[in-house]
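The values are calculated or read from the model by the stated rules, or taken from the named source; none is laboratory data. What you are looking at is a predicted structure, and each value in this text was computed from that prediction instead of being measured. Ideal geometry is used to build each Cβ from the backbone, glycine not excepted, and the neighbour counts take in all protein chains shown.
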Amino acid sequence: MINKKKISNLTKDRRSFLKLTTTSMAALGSAFAIWPFIDSMNPSADVLALSVKEFDLSNIEEGSSKTVKWRGKPVFIKHRTKKEIDEAREVNLSELKDPEKDEDRVQKPEWLIVVGVCSHLGCIPLGQKTSDAKGEFNGWFCPCHGSHYDSSGRVRKGPAPKNLQVPKYKFINKNKIQIG
Amino acid sequence: MTKKFKNKTLEWLDYRLPIFSVLREALVDHPTPRNLNYWWNFGSLAGITLIIMIVSGLLLSMHYVAHVDLAFDSVEHIMRDVNYGWLIRYIHSVGASMFFLIVYIHIGRGLYYGSYKSPREVLWWLGIIIFLLMIAAAFLGYTLPWGQMSFWGATVITNLFSAIPLVGDNIVTWLWGGFSVDNPTLNRFYSLHFLIPFLIVGVVFFHIIALHKFGSNNPTGIDLNFKQEKIPFHPYYTIKDFFGFGIFFIIFSIFIFFLPNALGHPDNYIPADPLVTPEHIVPEWYFLPFYAILRAIPFKLLGVIAMLGSIFILFVLPWLDTCKVRSCRFRPIYKQFYWIFIFNFIVLGWIGSKVPEGHYLIISRICTAYYFMHFLFILPILGMFEKTLPLPTNIFKDSKKK
Amino acid sequence: MLKKIFFILFTLFFFIPNSFSKEDVKLKKQNWSFQGIFGRFDNSTLQRGLQVYQEVCSACHGVKRLRFRELTNLGFTKEQIVNYAKTFEILDGPNELGEMFIRPGEPTDTFVSPYKNKEEAIAINGAYPPDLSLLTKAMKNGPDYIYSLLVGYEDPPNDFELPDGLYYNPYHDGSVIAIPQPLYDEAIEYIDGTNASIHQLSYDIVNFLSWAAEPELQKRKALGLKVLIFLIVLTALLYVTMKEIWSRIEK
């Protein structure tokens, strides 16, 4: 009687072990099988290859700025004047919503490079053209909800929570940068 | 009221929306004949393939461009740049072949065991409708890569409609949206190719509802009257179906990873050129038997009618087969004719890949004639004269049971 | 008995197609490293193949589906690729003045085709030299066929009337082909010093073209092996589980 019970317990154990192994293998397989489908929606090889791009700075004069397209977004390249640099550096950090030193936002003081997308809801701020409104802080002004940015691209007023983002870039030579 | 679920939330939800109890009835409790053999695996296999086709197709559609100038390039973009794009595309293209292979076997099983007979005629009809929708989806989908075979296949098949008297040419122009297969055609084919799988899903639901009304047929073909003859679907047939999936995935993977283009045609890697026709225009293998029937008849209209008739005749099959016994097991003479029919169908497929000249043409005519003879003469007459073997009273008395 | 007859018919049937089909010229089958389930490309032959393409084929044929950046798969370094890409002129634009301009190639650019379009190619050559990117996939037995074609030029038989401007090649449809023999012994000098026999040149270019047509091949087969092993184990487990579950009622 007892023996019989023991045997049935053993088969039960064996059964549940088998079931567990098979189920976990199947689950593992399904998880792996799903990945290619998910990954196919990530940026493809050609998109990734274009995510690093070089730009020429030689024809941007001091005091002017240029908008270039990088990863489908506008990037503001601003050749700053001495006055603009000084303005940006004189600001007391405690006044800022998103405190960042101007020195930390540029590699060369005369070149400010920021992604031209308002940190509020993704509009493109004005201020690139000479005729544009530049906002109260002589930088950029976002017309969507009235955010003001200074000459370092930092938010000074309005609903935007963050400064204009500085992309990863490096100077290849004096007149050429690589963004990305 | 008795509770159906232990889980309170589930019970609450199911009380208001009884999908869980319906699912449980269909996939867990459903009483199923205990003597089903592996040929009964192909229904669930067709189901999983349909799901795989829809998912892979959906992801392909995120990268594909339905424009004559870009379609071919976008497919190559998928193959070369999209992460695992090659895998998804090969799953989809090989999957189409697999889907047909499975469905052909599924239909063949139905024919062998008489699954189309009363009271399962509507179940059978729904199956034929699914098959017709699959043909449409496969044809439309094959056009999308816009290779040479895509283009010329589309041209040849759409031209069949010109066989319709009086309005034929107008219909063809309407199908094309122009005066040849061109951008408007590609666009509408893409749109319809996207739609049809969901129609198939809908018909599959009806197919399952009709199936569960009387339950599965079984290898003996007899009606099951005893409770002991049936077992719950879960776990017995769920695990058996999963084992079937395993075997199928192995075969599927061999094709996807090692022979991805073996079932396709090399010409489709040449971009479509409306000014150059490939030497032989051959449809994919799964259309070959019907293509052979089409070409066996010298008059265009009759050829088209014969080709369509070869499928539509299946709708009346339950009445053409006058024998009351379902399973071939107990019909010794029909069994032989069944295999001859299958062989004849395969020969038709082989002929379909050949240029219809000389003895090929003669063979194709004999085979076509036999195809229709089988349904129109052999089956009705056989039912009247064949001496069937005695049927077991229940499946436990079935001598062939192991 | 019946089953036997059926299977005899069935097997016969699979032999018939071969005996019926018209006498095809036998291809010169080669041992390609990329065939079979463990198939892999060999970088040195791919690199030589690129050189053959560059120095011979590219005069008339493009490989427009290849990008310079993909040459990393042939074992070239990033720097080599940047330098190689620079040797090409790419039409880009429009610039700020609205004009198209020529710039040196970058790794992200595609290989430059020799002709602006099909029409120009036909106007110059009389026939269209096809783009080679997918050639091995677009032919039955692509690699062997192209190899045979390249080494298969010969003098026409005496009774053969060769049309003007065409060349005799038994491997091509109708035995005539519009392209003159492109590869000869020592047609080019290999950078790596390999003896440039016509066999070697043809072998290398076919390897390169096979890679160009199926750059995913190596990844595909490697992944396929893993998937197959996994599936076989899983299916075996499913089988055992199935037997276990069914043993409850099969008495």
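Only one of these is surrounded by fewer than 18 Cβ atoms within 10 Å (Cβ to Cβ) and basic (Lys, Arg): B:Lys300, B:Lys230. Name it.
Just a single option satisfies the conditions, and that option is B:Lys300.
Is there any pair with a first residue in the stretch C:191-206 that is touching a residue at least 40 places away in the same chain (Cβ under 8 Å) and a second that is small (Gly, Ala, Ser) whose Cβ atoms are under 7 Å apart and which are 6 or more apart or on different chains, and what are they?
C:Asp192/C:Ser44; C:Leu201/C:Ala187; C:Asp204/C:Gly49; C:Ile205/C:Gly49
Name the helices (runs of 4 or more DSSP H) wholly inside the stretch B:284-358 in which the number of residues that are of a type outside the set (D, E, K, R) and under 22 Å from B:Phe161 (Cα atoms) is 1 or more.
Because the criterion is at least 1 residues that are of a type outside the set (D, E, K, R) and under 22 Å from B:Phe161 (Cα atoms), the helices (runs of 4 or more DSSP H) in the stretch B:284-358 that meet it are B:288-296, B:300-312, B:332-352.
For the subset of the stretch B:260-269 comprising residues that are under 22 Å from the mean Cα position of the chain (by Cα) and touching a residue at least 40 places away in the same chain (Cβ under 8 Å), which member is farthest from the other protein chains (Cβ to nearest Cβ)?
Of the residues in the stretch B:260-269, the ones under 22 Å from the mean Cα position of the chain (by Cα) are B:260-265.
Applying the additional criterion that residues be touching a residue at least 40 places away in the same chain (Cβ under 8 Å) yields B:260, B:263-265.
Numbers: B:Pro260: 8, B:Leu263: 13, B:Gly264: 10, B:His265: 9 Å.
That would be B:Leu263.
Sort out which residues of the stretch B:358-386 are hydroxyl-bearing (Ser, Thr, Tyr) and more than 13 Å from B:Leu294 (Cα to Cα), and write them in order of number.
The first filter runs over the stretch B:358-386 and keeps only residues hydroxyl-bearing (Ser, Thr, Tyr), leaving B:360, B:364, B:368, B:370-371.
Correct list: B:Tyr360, B:Tyr370.
Report yes if some residue within the stretch C:180-198 is touching a Gly at 6+ places or on another chain (Cβ under 9 Å), of a type in the set (Gly, Ala, Ser) and farther than 26 Å from C:Gly39 by Cα; otherwise report no.
Among the residues of the stretch C:180-198, not one is touching a Gly at 6+ places or on another chain (Cβ under 9 Å), of a type in the set (Gly, Ala, Ser) and farther than 26 Å from C:Gly39 by Cα, which makes the answer no.
Which of (1) in a helix (DSSP H, G or I); (2) closer than 23 Å to C:Tyr128 by Cβ; (3) charged (D, E, K, R) does C:Glu79 not meet, given it meets every other one?
The one condition C:Glu79 does not meet is (2).
Does A:Ser152 satisfy the criteria of being of a type in the set (S, T, N, Q) and touching a strand residue (DSSP E or B) at 6+ places or on another chain (Cβ under 7 Å)? If you could, list the steps in order and put the result at the bottom.
On the way: of a type in the set (S, T, N, Q): yes; touching a strand residue (DSSP E or B) at 6+ places or on another chain (Cβ under 7 Å): yes.
So A:Ser152 passes the test.
Taking the condition crowded, with 19+ Cβ neighbours inside 10 Å and among the basic types (Lys, Arg), does B:Arg34 pass? Give the derivation first.
Values: crowded, with 19+ Cβ neighbours inside 10 Å: yes; among the basic types (Lys, Arg): yes.
Judged against the criteria, B:Arg34 is a match.
What number of residues within the stretch B:350-364 satisfy the criterion of being touching a residue at least 60 places away in the same chain (Cβ under 8 Å) and surrounded by fewer than 19 Cβ atoms within 10 Å (Cβ to Cβ)?
Here the count works out to 4.
Which one of B:Ser97, B:Ser21, B:Ser56 is assigned to a helix (DSSP H, G or I), small (Gly, Ala, Ser) and at the interface with another protein chain (Cβ under 10 Å from one of its Cβ atoms)?
B:Ser56
For the stretch A:1-102, which helices (runs of 4 or more DSSP H) that fit wholly inside it have 1 or more residues that are modelled with pLDDT of 90 or more and either within 30 Å of C:Val233 (Cα to Cα) or within 14 Å of chain B (Cβ to nearest Cβ) (or both)?
Those helices (runs of 4 or more DSSP H) span A:2-39, A:45-49.
Based on this model, can you work out whether B:Gly246 counts as assigned to a helix (DSSP H, G or I) and either of a type in the set (Gly, Ala, Ser) or at pLDDT below 95 (or both)?
So B:Gly246 fits the description; yes.
Considering (1) more than 24 Å from the chain's Cα centre (by Cα); (2) within 14 Å of chain C (Cβ to nearest Cβ); (3) not hydrophobic (A, V, I, L, M, F, W, C), say which one B:Gly352 fails and leave the rest.
So B:Gly352 meets the others, but not (1).
From the list A:Ser30, A:Ser40, A:Ser64, exactly one residue is closer than 30 Å to B:Tyr90 by Cβ, surrounded by 14 or more Cβ atoms within 10 Å (Cβ to Cβ) and either polar (S, T, N, Q) or in contact (Cβ under 8 Å) with a residue 12 or more places away in the chain (or both). Which is it?
Values: A:Ser30 fails: surrounded by 14 or more Cβ atoms within 10 Å (Cβ to Cβ); A:Ser64 fails: closer than 30 Å to B:Tyr90 by Cβ.
Criteria check complete, one pass: A:Ser40.
Among the candidates C:Ile90, C:Ile124, single out the residue that is outside any loop (DSSP other than H, G, I, E, B), surrounded by 13 or more Cβ atoms within 10 Å (Cβ to Cβ), modelled with pLDDT of 90 or more and over 21 Å from the mean Cα position of the chain (by Cα).
Matching residue, one of C:Ile90, C:Ile124: C:Ile90.
Quick check: is even one residue across the stretch A:135-149 of a type in the set (A, V, I, L, M, F, W, C), assigned to a loop (DSSP other than H, G, I, E, B) and surrounded by 13 or more Cβ atoms within 10 Å (Cβ to Cβ)?
So far as the stretch A:135-149 goes, yes, one or more of its residues are of a type in the set (A, V, I, L, M, F, W, C), assigned to a loop (DSSP other than H, G, I, E, B) and surrounded by 13 or more Cβ atoms within 10 Å (Cβ to Cβ).
With the requirement that a residue be among the aliphatic types (A, V, I, L, M) and in contact (Cβ under 8 Å) with a residue 40 or more places away in the chain, what does the stretch A:85-120 give you? It would help to see each step written out before you state the result.
Here is the first cut: in the stretch A:85-120, the residues among the aliphatic types (A, V, I, L, M) are A:85, A:88, A:91, A:93, A:96, A:106, A:112-115, A:117.
Within the stretch A:85-120, A:Ile85, A:Ala88, A:Val91, A:Leu96, A:Val106, A:Leu112, A:Ile113, A:Val114, A:Val115, A:Val117 qualify.
Considering only residues that are under 25 Å from A:Gly72 (Cα atoms) and among the aliphatic types (A, V, I, L, M), which ones fall in the stretch A:91-120?
Correct list: A:Val106, A:Leu112, A:Ile113, A:Val114, A:Val115, A:Val117.
Scan the stretch B:59-91 for residues that are at the interface with chain A (Cβ under 8 Å from one of its Cβ atoms) and touching a residue at least 40 places away in the same chain (Cβ under 8 Å) and jot them down.
B:Leu87, the sole residue that qualifies.
Looking at the stretch B:100-114, which of the residues that are touching a Phe, Trp or Tyr at 6+ places or on another chain (Cβ under 7 Å) and not β-branched (Val, Ile, Thr) is nearest to the other protein chains (Cβ to nearest Cβ)?
Applying the filter and picking the extreme gives B:Tyr112.
Within the stretch C:185-234, restricting attention to residues that are among the hydrophobic types (A, V, I, L, M, F, W, C) and in a loop (DSSP other than H, G, I, E, B), which residue is surrounded by the fewest Cβ atoms within 10 Å (Cβ to Cβ)?
For the stretch C:185-234, the residue satisfying everything is C:Ile191.
Any residue in the stretch B:203-231 that's of a type in the set (A, V, I, L, M): show its pairings with residues that are exposed (fewer than 14 other Cβ atoms within 10 Å of the Cβ) at Cβ separation under 7 Å, as long as the two are six or more apart or on different chains.
Qualifying pairs under 7 Å: B:Ile231/C:Ile249.
Could you tell me whether the stretch C:217-240 includes any residue that is at the interface with another protein chain (Cβ under 8 Å from one of its Cβ atoms) and touching a strand residue (DSSP E or B) at 6+ places or on another chain (Cβ under 7 Å)?
Looking through the stretch C:217-240, none of the residues is at the interface with another protein chain (Cβ under 8 Å from one of its Cβ atoms) and touching a strand residue (DSSP E or B) at 6+ places or on another chain (Cβ under 7 Å).
Residues that are in contact (Cβ under 8 Å) with a residue 24 or more places away in the chain, part of a loop (DSSP other than H, G, I, E, B) and within 14 Å of chain B (Cβ to nearest Cβ): does the stretch C:157-171 have at least one?
No: the stretch C:157-171 contains no residue that is in contact (Cβ under 8 Å) with a residue 24 or more places away in the chain, part of a loop (DSSP other than H, G, I, E, B) and within 14 Å of chain B (Cβ to nearest Cβ).
Within the stretch B:219-243, track down each residue that is in a helix (DSSP H, G or I) and more than 8 Å from chain C (Cβ to nearest Cβ).
The answer is B:Lys227, B:Gln228, B:Glu229, B:Phe233, B:His234, B:Tyr237, B:Thr238, B:Asp241.
Restricting to the stretch C:133-156, count the residues that are within 12 Å of chain B (Cβ to nearest Cβ) and not in a helix (DSSP H, G or I).
9
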